[in-house]
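Trainee: Submitted below is the structure of interest, expressed as structure tokens.
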Amino acid sequence: MELETIRKRLLARREELASRAAATDADLRHEHEPLSADFSEQVVQRENEDVLRGLGDAARGELARINRALARIDAGNYLSCAVCGVEIDPRRLQAVPYTDRCTHCAH
């Protein structure tokens, strides 16, 4: 497995998620569309904000996992399971490049 390819993939995903998180935060601050004066419309907007918050939280969580994976690449222990130390199956790393656990320890 080529670590530089994985690094590039992680960096591209990090950029995508950072952009998505920033857009979500802007939407939550109503930078582009103010909160409606109509109460029933405000209820819908608030429900949408709950969904946006969830999406933003998920993006930030994945960003944190990506940053940890990049640090593991830099430290030279990306291929090893953080729990048991066994080499992580390359197919697993292809599927989930930010994982730090082998299949056995992930369960």
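Trainee: Give segment 1-51 a look and list any residue that's touching a helix residue (DSSP H, G or I) at 6+ places or on another chain (Cβ under 7 Å) and within 14 Å of E62 (Cα to Cα), or say none.
Mentor: L10, R13, R14, L17, A18, R20, A21 - these are the residues of segment 1-51 that are touching a helix residue (DSSP H, G or I) at 6+ places or on another chain (Cβ under 7 Å) and within 14 Å of E62 (Cα to Cα).
Trainee: Mind listing whichever residues of segment 41-74 are over 22 Å from H104 (Cβ atoms) and small (G, A, S)?
Mentor: G54, G56, A58, A59, G61, A64, A71 - these are the residues of segment 41-74 that are over 22 Å from H104 (Cβ atoms) and small (G, A, S).
Trainee: When residues of segment 1-57 are filtered for being in contact (Cβ under 8 Å) with a residue 24 or more places away in the chain and either in contact with an Asp or Glu (Cβ under 9 Å, 6 or more places away or on another chain) or assigned to a helix (DSSP H, G or I) (or both), how many remain?
Mentor: Residues in segment 1-57 being in contact (Cβ under 8 Å) with a residue 24 or more places away in the chain and either in contact with an Asp or Glu (Cβ under 9 Å, 6 or more places away or on another chain) or assigned to a helix (DSSP H, G or I) (or both): 20 in total.
Trainee: Let me ask another. Would you say R92 is in a helix (DSSP H, G or I), surrounded by 12 or more Cβ atoms within 10 Å (Cβ to Cβ) and touching a helix residue (DSSP H, G or I) at 6+ places or on another chain (Cβ under 7 Å)?
Mentor: Considered against the rule, which asks whether it is in a helix (DSSP H, G or I), surrounded by 12 or more Cβ atoms within 10 Å (Cβ to Cβ) and touching a helix residue (DSSP H, G or I) at 6+ places or on another chain (Cβ under 7 Å), R92 comes out as yes.
Trainee: Determine which member of the set L52, L70, L79 is at pLDDT below 95 and under 20 Å from the mean Cα position of the chain (by Cα).
Mentor: Of the residues listed, the single one that is at pLDDT below 95 and under 20 Å from the mean Cα position of the chain (by Cα) is L52.
The values are calculated or read from the model by the stated rules, or taken from the named source; none is laboratory data. Just so it is clear, the model here is predicted, and its values are computed rather than measured. Backbone-built Cβ (ideal geometry, glycine too); neighbour counts: all protein chains shown.
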